[in-house]
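Here's the structure we're looking at; comments come further down.
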Amino acid sequence: MAELALFVSAFLAATILPFSSEATFLLALENKMSVLNAMIFASSGNVLAIMVNYFIGYFLYEKTKTKLLSSKIGTKSYGWGHRYGYFALLFSWLPIIGDPLTLVAGLVRLEFVWFVMIAGSLRVLRYYFLTELL
């Protein structure tokens, strides 16, 4: 049951909802959940959620592209997304800005495999570094 709670917490934390999975992760470890189980459930929930974010952005592409390109700032932002998209993913593990970046990755249609490799591995590393703090 604790594993499911950790999974759901990590999933919700990777959406645009203001939610933190780090506290739940650390609480699970303090309550004697094995590090391996905590890493698996937190990481899988978090990575699954960023994949959902990506596909939401991906499917919003047609609806938002025309509106985005109708303004000067929108056109510039769209260009930046294409130019710096993979580099921007290096910040996708950060609170507040990270989750919207995963949505924008889908919107600008970054390659899904590279998206998961970069953003997903950073999400897993974040939990790993939390285990090192204990």
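List of remarks:
- One residue from Val124, Val52, Val108, Val47 being β-branched (Val, Ile, Thr), over 24 Å from Val8 (Cβ atoms) and either out of contact with any Cys (no Cβ under 7 Å at 6 or more places or on another chain) or touching a residue at least 24 places away in the same chain (Cβ under 8 Å) (or both): Val108
- Checked against (1) more than 23 Å from Val116 (Cα to Cα); (2) open to solvent by 70 Å² or more (accessible area, probe 1.4 Å); (3) part of a helix (DSSP H, G or I), Lys32 passes all but a single condition, namely (3).
The values are calculated or read from the model by the stated rules, or taken from the named source; none is laboratory data. In this text, all values refer to a predicted model and were calculated from it rather than measured experimentally. FYI the Cβ positions are ideal-geometry reconstructions off the backbone, even for glycines, and counts take in every protein chain you see. Accessible surface areas use protein heavy atoms only, side chains included; no ligands, DNA or RNA. Shrake-Rupley method; radii C 1.70, N 1.55, O 1.52, S 1.80 Å.
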